[in-house]
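S.K.: My questions all concern the structure below.
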Amino acid sequence: MSDSNPGNRPLVEGPRDPEHDAGASYALEPSYVSALTDRLAASSGETHEVCSPIDGAPLAHVPQSSEEDVVEAFARARRAQERWARTPYAHRQRLLLRLHDLVLDRQDEIMDLIVLESGKARKHAFDEPLHIALTARYYGRTLSDHLSTERKPGVFPALTRIDINHVPKGVVGVISPWNYPFTMALCDGLAAIAAGNAVVSKPDAQTMLSALLAARLLDEAGFPSDLWQVVAGPGPEVGRSLIEKADYICFTGSTATGKLVAQGCAERLIGCSLELGGKNPMLILADADIERAAEGAVRAVYSNGGQLCVSIERMYVADAIYDRFVDRFVSRVQALSLGAGLSWDIDMGPLISQAQVDTTEAHVADAVAKGARVLTGGRARPDLAPYFFEPTILEGVTPEMTCFGNETFGPVVSLYRFHDEADAISRANEGEYGLNASIYSQDGPRARAVARQVKAGTVNINEAFGATFASLAAPMGGMRSSGTGRRQGREGILRYTETQSVATQRLARIAPMFGMSDEAYAKMMTRTLRGLKKLGRA
Ligand code: NAD
């Protein structure tokens, strides 16, 4: 394990629960935990125990927010936002670029905390500081391009001037899940504050510490601390409270909860972006590079144990290469190093909770009972960590099996053979979701033509999901039941603004002048419209 920044490593080494201890074990410095939880708006007197999926032992007791805390968090955020909205873009850009450096400098600390709190392998934890650095750099470089007032042609050339302003919404409520606890708590809110808003963040209860570290890093980068409030508590209560108070909601989580969030926002007529679930397909065309596809398939399915909204759960493989691909894929999966801990050597870590193991186990058991074959994996492995489930490949999955169309959100993939590409595309488009898809082919134009026919908000060619997710200029989000709105790119920041059109009318009025009758005015306008069309005006 590298130690580039030992001063910030929050670890106390040594066994802390010999009963569960499967090797080196770590706890967090109590002073480090309290420095994080001090960042919370939480005075209810109640606490929530956060346990590590590495060994199931407690990591911290996180104070919980009362309704009064949420009210106070919004009041502080609103005051901070009024000042923040007046800051020059150049100042915001400087802070974002400072955050970029800070996150890269402190990556060991960030990854330690993510691994301890979520259980994921360190190599998958690295994706989180990486994604925040990319997000901070992208908006740090492009914010003023997106937000600056735009001049547009008005109804009469030279006489009507149009300015389009992008005005911040106010206070944005960000409700985030546990699976990528650092980046999901921070990346969407970062675009919100870049646009001049304040944020009240409600992370998932299982991963509060990673979200609180994100808030601390914002403070250290120089953002006003009241601009980013963090509250803690159960989603149906504290999440609901955010929906009742915010000017806009950014929600990332399950489709079922997303629908409730959308209903709450509709009642108040506020906007929301919803980043929801998926049942993402991979198409491996007959001309694919088999070795490359097998390598990509492993990352596509087992990154963070499949607990990733854009991970692949269905693979459609061309008949001509099916057997060779399956052979390479299975042997790569069987060679994965499974374990729990902070080391870079682990290829797949445990799932976050017993609930995740139960769902995964139930999907596999249902498929097997109805005739599916397990090519590898298929079992829980409590010997490795309390919530471990083996990387699993299924064949022979049919529509009556639960895992055919329902998101497992675990390390399980179903393989299907196809003869005809058009048929494969239509099977990939089955179901309610449309988040991400992956296509393997050595023919770029052909793969891009297939991509246009796939109903998914992001499509990665010769890559699983990382190419779109790490390309911050590329909007990311779901079609159909996978959500509405987009993070990243221009859409990712403009969703947090109201578009305001300001017209300045010079000389002529938009009405009859100089005693002209309404009829003469209508004739004059008709001639003008015909003339403007001839001139090619939009
Ligand atoms: P979830 O919907 O149960 O919880 C997500 C968040 O919503 C948590 O903070 C939770 O406390 C809160 N919440 C729960 N009930 C709420 C309510 N009634 N009102 C307001 N907030 C409430 O999601 P989960 O099961 O923890 O997360 C996994 C799901 O998230 C998967 O379906 C996954 O695909 C999806 N996800 C999507 C993306 C994306 O970008 N599209 C990213 C990560 C995860």
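S.K.: If you take the C-alpha gyration tensor of segment 280-477, multiply each eigenvalue by 5 and take the square root, what semi-axes do you get, largest first, in whole Å? Let's see the in-between values first.
M.R.: Values: eigenvalues 129, 70, 53 Å².
Rounded to whole Å, the semi-axes are 25, 19, 16.
S.K.: Restricting attention to the chain, give the cysteines that have no other cysteine Cβ less than 4.7 angstrom from their Cβ.
M.R.: For the chain, the answer is Cys51, Cys187, Cys250, Cys309, Cys403, because their Cβ atoms have no other cysteine Cβ under 4.7 Å.
S.K.: Right, something else. Taking H placed 1.01 Å from N in the peptide plane, check which residues at least 5 places from Phe388 or on another chain put their amide H under 5 Å from its amide H.
M.R.: Counting only residues 5 or more places away or on other chains, the set is Leu351, Arg381.
S.K.: Less than 10 Å Cβ to Cβ from Glu313, Lys/Arg counted +1 and Asp/Glu -1: what total charge do the surrounding residues give? Each step should come with its number before you reach the end.
M.R.: Values: positive: Lys279, Arg314; negative: Glu407.
After counting each charged neighbour, the total is +1.
S.K.: Same structure, new question: Can you run phi through the Karplus equation (6.51, -1.76, 1.60; θ = phi - 60°) for segment 50-62 and list ³J(HN,Hα) in whole Hz, with x for Gly and Pro?
M.R.: Karplus values, whole Hz, x for Gly and Pro: 9, 10, 8, x, 5, 9, x, 7, x, 9, 6, 10, 9.
S.K.: With r defined as the distance between the Cβ atoms of Ala511 and Asp287 and R0 fixed at 60 Å, what FRET efficiency is calculated, to the nearest 0.05?
M.R.: On the way: r = 65 Å, r/R0 = 1.08.
My answer for the efficiency is 0.40.
S.K.: Filter the cross-link list Lys120/Lys202; Lys169/Lys259; Lys202/Lys370; Lys169/Lys202; Lys245/Lys279 down to pairs whose alpha-carbon distance in this structure exceeds 30 Å. Display every interim value, and only then the final one.
M.R.: Values: Lys120/Lys202 21 Å; Lys169/Lys259 22 Å; Lys202/Lys370 40 Å; Lys169/Lys202 18 Å; Lys245/Lys279 32 Å.
From Lys120/Lys202; Lys169/Lys259; Lys202/Lys370; Lys169/Lys202; Lys245/Lys279, over 30 Å: Lys202/Lys370; Lys245/Lys279.
S.K.: To the nearest 500 deg cm²/dmol, what mean residue ellipticity at 222 nm is calculated for the chain from DSSP H runs of n ≥ 4 alone, each contributing -39,500 (n - 2.57), summed and divided by the residues? All intermediate terms of the calculation are to be shown ahead of the outcome.
M.R.: Numbers: 19 runs with 220 residues, N = 538.
The helix contribution divided over the chain gives -12500 deg cm²/dmol.
S.K.: Taking a quarter of the surface of the Cα convex hull of segment 6-276, what do you get in nm²? If you can, show how the numbers build up before the last one.
M.R.: Details: hull surface 64.0 nm².
Its Cα hull, projected and averaged over all orientations, spans 16.0 nm².
S.K.: Between Glu72 and Ala473, what length comes free when the chain is fully extended (0.36 nm per residue of separation minus the Cα-Cα distance, one decimal in nm)? Kindly include the intermediate steps, with their values, before the conclusion.
M.R.: Details: separation 401, 0.36 × 401 = 144.36 nm, distance 3.54 nm.
Gain on extension, Glu72 to Ala473, equals 140.8 nm.
S.K.: Based on the Cα gyration tensor of the chain, what are the three equivalent ellipsoid semi-axes, each the root of five times an eigenvalue, rounded to whole Å and given largest first?
M.R.: Details: eigenvalues 377, 213, 77 Å².
Whole-Å semi-axes of the equivalent ellipsoid: 43, 33, 20.
S.K.: While we're looking at this one, here's another question. Return Ile312, Ile270, Ile510 ranked ascending by Cβ neighbour count within 10 Å, so the fewest neighbours appear first.
M.R.: Fewest to most other Cβ atoms nearby, the residues stand as Ile510, Ile270, Ile312.
S.K.: Report the gain in length on full extension from Lys370 to Thr528: 0.36 nm times residue separation, minus Cα-Cα distance, nm rounded to one decimal. Walk me through the numbers on the way to the answer.
M.R.: Numbers: separation 158, 0.36 × 158 = 56.88 nm, distance 7.11 nm.
Extra length from Lys370 to Thr528 when fully extended: 49.8 nm.
S.K.: Amide H neighbours of Thr376 under 5 Å, at least 5 residues apart or on other chains, H built in the peptide plane: list them.
M.R.: HN-HN under 5 Å from Thr376: Ile393.
S.K.: Calculate, for Leu269 and Glu237, the FRET efficiency according to 1/(1 + (r/R0)^6) with r their C-beta to C-beta distance and R0 30 Å; round to the nearest 0.05.
M.R.: Numbers: r = 22 Å, r/R0 = 0.75.
Result of the calculation: an efficiency of 0.85.
S.K.: Each residue of segment 173-186 in order: what ³J(HN,Hα) in whole Hz does its phi give by Karplus 6.51 cos²θ - 1.76 cosθ + 1.60, θ = phi - 60°, with x for Gly and Pro?
M.R.: Taking θ as phi minus 60°, the curve returns x, 10, 10, 10, x, 8, 6, 10, x, 8, 6, 5, 6, 10 Hz for segment 173-186.
S.K.: To the nearest 0.05, how large is the calculated FRET efficiency for Asp327 and Arg379 if R₀ is 25 Å and r is the Cβ-Cβ distance?
M.R.: For Asp327 and Arg379, the calculated efficiency is 0.70.
S.K.: Taking a label point 7 Å from the Cα of Glu498 along the Cα→Cβ vector, which residues of segment 238-252 have an amide N closer than 18 Å to it?
M.R.: What the label zone holds, given the 18 Å backbone N cut-off, is 244-250.
S.K.: Next question, about the same structure. Once fully extended, how much extra length lies between Glu46 and Asp163, figured as 0.36 nm per residue of separation less the alpha-carbon to alpha-carbon distance?
M.R.: Roughly 37.1 nm would be gained on extension.
Every number here is computed from the coordinates shown, using simple stated rules; none is lab data. Only a predicted model underlies this, so the values are computations on that prediction, with no experimental measurement involved. Methodologically, a virtual Cβ is constructed for each residue, glycine included, from the backbone with ideal geometry; neighbour enumeration extends over all protein chains shown.
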